[in-house]
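Read the structure below first, then the notes.
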Amino acid sequence: MAEDEMRIISALVEDRPGVLFKVASLIRRRGFNIATITVGGTEKEKVSRITITMKGNAAIVEQLVKQLSKIPDVIKISELEPEASAFRELALVKVSAAEPAKRSDILNYISIFRARVIDASKDSLVIEVVGQPRKIQAFLDLMKGFGIIEMAKTGIVALSRGAKSASAAD
Amino acid sequence: MRVSGAKAVVEALRDEKIEVIFGIPGGSTIPFYDALYECAEKGDLRHILARHEQCAAHMADGYARAKGMPGVCTATSGPGATNLVTGIAVAHMDSSPVVAITGQVPRTMIGKDAFQEADIVGIVTPITKYAFQITNASEIPDTMRAAFMLANTNRKGPVLVDIPKDVFYEEVDYMEAEKVRIGGYVVKSGEPHPYSIKRALGLVLESERPLIVAGGGVIASNASAELVRLAELMPAPVATTLMGKGAIPEVHPLSLGMIGMHGKGEANMAAEEADLLIAVGMRFNDRTVGRMEKFGENARIIHIDIDPAEIGKNLGVDVPIVADARKALGTLADRLLEVGIRKKENEWSKRIAELKEKYREFYNSDESKGALSPKRIMKILRSSIPERSIVTTGVGQNQMWAALHFQVLEPRTFITSGGLGAMGFGFPASLGAKVACPDRPVFNIDGDGSFLMTEQDLATAVVERIPTVTLVLDNRVLGMVRQWQCMFCDKRYSETDLGAVPDFAKLAEAYGAEGIRVENYGDLESAIRRSVGAEVPVVIDVPVSRDEKVLPMVPPGKTLREVVWFG
C-alpha cells in the first residue's frame, strides 16, 4: 500500500463521559495527524464506535492502534482495510443558485451524483451528498464553479464487509 | 453496611490492604478526613501529613517502589490536586503504581468555576493509566477496586479518583467489590508466546557476543533472580538503564553498570560491539541509546516488554516478546538449559574483561576540581552503609554520579525519577521508602538545587518521625545545566548560579532535624556511619566543586561510541 493511502481505524469504546476526550488527547499527545474522527452509537447499548481516518504508513497506524488500545475504555480496535470495508461520508453543501440556467445545471449534477436537495430558497440550494470521500470531493469540485456558500462534512463511518463483526468476540 | 461515601472510600482502602496514605486535607476532603479520624484513633490506617501535595505524591511513589505495592496519596480539589501533578507524571513515566484520591467541588458546582475547582481529570488524563470521576457514592466500591486493579496490573502506573465533596456525604451500601471490568482492559497472564521464545532462543544460540540490557520492568516484575540466571547460563554481560539499576547486583562479575548518555564505558562499548541485544523491561529511551537509528545497528535485538505498544515504538526489533519480564527470562533460561549450556570462556568474555580493565583506572581515580570528589563520596557512602540500605536520588548531576559510582546490590534499593527527571523527587521519595521499609536505612543522594525544591517536607520527616539521611552534594549551582553550558554553550553560564544560601546544616536544625557540614572524607564517613541508625532525619552538607562534571558523557544525538571522557 502506498505511503499516503488513507487508513481507517475503527474502535468500539464504552459510551461514558470523557472517552472521546481520552482518545483525542492521546492522538494529540503522541503527535498523530488524523484526517477525520467520528463518534456514534452501535447495535449495543453503552457501546460507541469511533472511526478515525488518517494518512500514514503501516508503522504509524500500528503504533496509534497499540496506543489507543491501552485506553481501558477501548473495548476493541482494529484497522479496516479500505478494500474490505464499506465506508461513507456525508456532506451538506449550500450553493448559490439564483439564475435559473445555473440551477438546472446544478440539478443535473445532483442527479448524476445521486445527491439530494434538502432545502431550497430563491437564491440557494442545500444539497446532501453521500459516498466515498473521492466522490464527495468530485461533487464539491463541480459545485465550486457555481459558488459554494458554506459546506459541512461528517467525516467517515465504516464497517468491515461480510458477516463478521468487530464486536463478535463479546 | 450502610455508610457514608467517605467511609466507603476508607473501607475500600482497607480491602486493598492499604496501610498508609500520604496527603494534605482541604475544603473538599474534609468529610474524607473526618472518616480517617476514626482510623487514626484505632491506628489501622496511617495518614502521613505532608507539607506539599507534590511531596505526598512522591512519597506514595517512593513507598510503592520500595515495597512493590501501590502507594496512595490524597489532596483536596483545585490547588491540592494540581500540586499532585508533577508527582503523578513521575509515577507515569516510571510505571509506578500510585493511586491518587482527590476531592472535587460538589456535583452541582462542577463546571461553574467554583472556589478551588480544577478539572483534575482533564489535567491528568495524559499522565495516568486512568482517571475516574465518581458521580454517585454507589460507584465507590467498584471504582476503588478498579483503580487499584489498573494501577497494579500489566504495565503499572498511576490512577486518579476524583470525588466531589457531596459524594463523600452521600450514603451507600458498602460491600467489597467483586471483580470489576473496565472496557477492553484484560489483566494479562504475562506468559511469553512459545513461538517468540523459540525464535529468541535461536538468536541466543547463534550469537557470539550477546548483551542483556535490563530496564525498570525487571525490577517492577521482580525478575532479578531470573535475569541473573539467564545471564549466567548464556553467559552474557548485563548492562542496565537508570531505572534498571539493582536488577543485577552491581558487584556481579557479569554486571557492566549503567548504559546511556552517562553510562559506563564498558556498558556502552559492549552495546556497540554486541551481535545480540536482549532488551528487557526497557523502552529504548533517547538517554539510554544515544543516536536512535545507530543503536544496535550491527546487532539483532530481542525486546521483552509487557506493553505491546513499546514494541517498535522507538526502535524496530527482530524478535518481540510481549510478556512479563520474570516469566520471559525464566522461560528463556529453562529452554536454554534444555538445549545445553555453552562454554563459559570465550572471545566475548575476554573482550568484556578487557573493556572493564580499560576503564577501571578512570573510575578509581579520586582527583577532584577542589572540594570533595563525587566519585569518592559515592564509594564512601557505599562502604559505610548496610548492603540492604535504600538509596533515592534527586535529579541532575547528583543523580548521574549516584548512577555511575554508587553500586546497587539489590532490586528496589535504588529509587530515582528516571523518565520525567523531576528535581525534588529524592527527599520525599526517601520518606515514602522509609515508611515502606522502616527496618532499612534510607539515604537520599541529592543536589542543593534539587533538595531546595522539596526541603519543606523536613517538617513531615521530623513530626512523623521518618528518619532518612540526605546527602546534599552542594555545589551552589544548577550543575547539570551548567555542565552543558560549559561543554556546549562556550561557558556562558546563564542563570545557573544559585548563590551561597542557605546553610543546609542550620536549615535542618531549624526543622528539628540534625544538620552536619563536612569538609573532608574522614568527616563524611563518620557522619554517614553515625546517621545509619539515627532516630531523627539527618542532612549532611557535602561541598562539591561547581566545575565537577559528570563524565563520561555521550553528547546528545551522538552514538554511544562517541563518548567524551574529559571536560
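The values are calculated or read from the model by the stated rules, or taken from the named source; none is laboratory data. For clarity, every value in this text was computed on a predicted model and none was experimentally measured. When we count neighbours, we look across all protein chains shown, and the Cβ atoms used for this are built from the backbone with ideal geometry, even at glycine.
Run residue B:215 past the list (1) within 14 Å of chain A (Cβ to nearest Cβ); (2) surrounded by 16 or more Cβ atoms within 10 Å (Cβ to Cβ) and report the number of the one that doesn't hold.
Looking at each condition in turn, residue B:215 falls short on (1).
Within region B:273-291, work out how many residues are over 16 Å from residue B:555 (Cα atoms) and either in a loop (DSSP other than H, G, I, E, B) or of a type outside the set (Val, Ile, Thr) (or both).
10
Output the number of the condition that residue B:191 fails; it satisfies all remaining conditions of (1) surrounded by 24 or more Cβ atoms within 10 Å (Cβ to Cβ); (2) out of contact with any Gly (no Cβ under 7 Å at 6 or more places or on another chain).
(1)
From the list A:79, A:62, pick out the single residue that is in contact with a helix residue (DSSP H, G or I) (Cβ under 7 Å, 6 or more places away or on another chain) and not aliphatic (A, V, I, L, M).
So the residue among A:79, A:62 that is in contact with a helix residue (DSSP H, G or I) (Cβ under 7 Å, 6 or more places away or on another chain) and not aliphatic (A, V, I, L, M) is A:79.
In region B:128-151, what residues are farther than 17 Å from residue A:72 by Cβ and within 11 Å of chain A (Cβ to nearest Cβ)?
Passing the criteria: only B:135.
Those residues that are of a type in the set (A, V, I, L, M) and surrounded by fewer than 23 Cβ atoms within 10 Å (Cβ to Cβ), I need them from region B:277-329; list them, please.
Restricting attention to region B:277-329, the residues satisfying the condition of being of a type in the set (A, V, I, L, M) are B:277-280, B:282, B:289, B:292, B:299, B:301-302, B:304, B:306, B:309, B:311, B:315, B:317, B:319, B:321-323, B:325, B:328-329.
Within region B:277-329, B:292, B:299, B:301, B:309, B:311, B:315, B:317, B:319, B:322 meet the criteria.
How about region B:360-396: which of its residues are basic (Lys, Arg) and either free of Cβ contacts under 8 Å to residues at least 40 places away in the same chain or touching a strand residue (DSSP E or B) at 6+ places or on another chain (Cβ under 8 Å) (or both)? Step through it out loud before you land on a result.
Here is the first cut: in region B:360-396, the ones basic (Lys, Arg) are B:360, B:369, B:375-376, B:379, B:382, B:388.
B:360, B:375, B:379, B:382 - these are the residues of region B:360-396 that are basic (Lys, Arg) and either free of Cβ contacts under 8 Å to residues at least 40 places away in the same chain or touching a strand residue (DSSP E or B) at 6+ places or on another chain (Cβ under 8 Å) (or both).
In region B:102-127, what residues are buried (at least 19 other Cβ atoms within 10 Å of the Cβ) and at the interface with another protein chain (Cβ under 10 Å from one of its Cβ atoms)?
B:121, B:125, B:127
Pick from B:182, B:212: which is in a strand (DSSP E or B) and outside the structural domain of residue B:403 (by TED's automatic domain parsing)?
The match here is B:212.
Just checking, which of B:384, B:389 is surrounded by fewer than 24 Cβ atoms within 10 Å (Cβ to Cβ) and under 16 Å from the mean Cα position of the chain (by Cα)?
Details: B:384 fails: under 16 Å from the mean Cα position of the chain (by Cα).
Answer to the selection: B:389.
Among (1) over 20 Å from residue B:210 (Cβ atoms); (2) modelled with pLDDT under 95, where does residue B:392 come up short?
If we test residue B:392 against (1) over 20 Å from residue B:210 (Cβ atoms); (2) modelled with pLDDT under 95, just (2) comes out false.
Looking only at residues that are touching a Leu at 6+ places or on another chain (Cβ under 6 Å) and hydrophobic (A, V, I, L, M, F, W, C) in region B:237-247, which one is farthest from residue B:352 (Cα to Cα)?
Ranking the qualifying residues of region B:237-247, first place goes to B:247.
Please go through region B:130-159 and give me each residue that is of a type in the set (Gly, Ala, Ser) and either within 24 Å of the chain's Cα centre (by Cα) or at pLDDT below 95 (or both), ordered by number.
Listed by number, the residues that qualify are B:131, B:146, B:147, B:151, B:157.
I'd like to verify a number: residues in region B:154-177 that are over 24 Å from residue B:111 (Cβ atoms) and either touching a Cys at 6+ places or on another chain (Cβ under 7 Å) or within 11 Å of chain A (Cβ to nearest Cβ) (or both), how many?
3
Please work out which residue is nearest to the other protein chains (Cβ to nearest Cβ), limiting yourself to region B:292-321 and to residues that are outside any loop (DSSP other than H, G, I, E, B) and among the acidic types (Asp, Glu).
Per the stated criteria, the residue is B:310.
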